[in-house]
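Written below as structure tokens is the structure these notes are about.
The values are calculated or read from the model by the stated rules, or taken from the named source; none is laboratory data. Values in this document were obtained by computation on a predicted structure and should not be read as measured data. Please note: Cβ atoms are built from the backbone with ideal geometry, for glycine as well, and neighbour counts cover all protein chains shown.
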Amino acid sequence: MIFSPLHPFASCFPIALAVLVPLVMLIMLWPLKREFWPGSVWVVAFLLQALALGATYATEKLAYEDAKQMESIQNTALPVDDVAEHVAWGTRLFWCYAGGLVLSFLALMLSYVHGLRVVAFIGALVAIVPAFMSAYTGAKLIFHNPSMRIYHEEPAKEKVDSVEYLGPAPVQPSTSVNNTPVQ
């Protein structure tokens, strides 16, 4: 069985959304303030926040499953302090997205209060810090801990010094044609 951890790949999505959500909100703030767009357009920001929250939740669940599989394959415990730091930043990211979702919902429901959209935008900006720190601590876990080598096994390097002949064995002329020993 080949172990293919999903958490490092799945975690890229919520981290990318930490940058994308405030960018979309920033683009939407000015046209909404000038009333070029109806207030209901803010549903895009709300749905992006909901997507980010769901992706973070799924990523946390994948992390627990990957950790269990990795410990069973390696028969060793993972580095507890580094894992705890990474989990703490992931949890902070989850709660930042949860708070951002509430703020986006309030800005959507009370669309006549433009200040709520600005507060929701600032709340979305706050999520960038735990997203970056979660990515940093995750990369530190993968690349600096010997127990995490399962994520990046290097292929075996071939030796150039010893070239082995794999063809048929050479014939040793130990006897002549009529089975008499050669002198």
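Take the conditions (1) farther than 15 Å from residue 21 by Cα; (2) in contact with a helix residue (DSSP H, G or I) (Cβ under 7 Å, 6 or more places away or on another chain); (3) part of a helix (DSSP H, G or I); residue 120 misses just one of them, which is (1). Against the list (1) outside any helix (DSSP H, G or I); (2) touching a helix residue (DSSP H, G or I) at 6+ places or on another chain (Cβ under 6 Å), the condition residue 36 fails is (2). Taken over region 117-145, residues that are farther than 25 Å from residue 64 by Cα and of a type in the set (Phe, Trp, Tyr) amount to 1.
Quick grid of which residues meet (1) closer than 17 Å to residue 21 by Cα; (2) of a type in the set (Ser, Thr, Tyr); (3) more than 20 Å from the chain's Cα centre (by Cα):
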| position | (1), (2), (3) |
| --- | --- |
| 47 | yes, no, yes |
| 58 | no, no, no |
| 63 | no, no, no |
| 70 | no, no, no |
| 83 | no, no, no |
| 93 | yes, no, no |
| 96 | yes, no, no |
| 112 | no, yes, yes |
| 130 | yes, no, no |
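Of the residues screened, residue 106 is not one that is assigned to a helix (DSSP H, G or I), surrounded by 17 or more Cβ atoms within 10 Å (Cβ to Cβ) and not hydroxyl-bearing (Ser, Thr, Tyr). Of everything in region 32-73 that is modelled with pLDDT under 85 and among the polar types (S, T, N, Q), the residue that is nearest to residue 99 (Cα to Cα) is 40.
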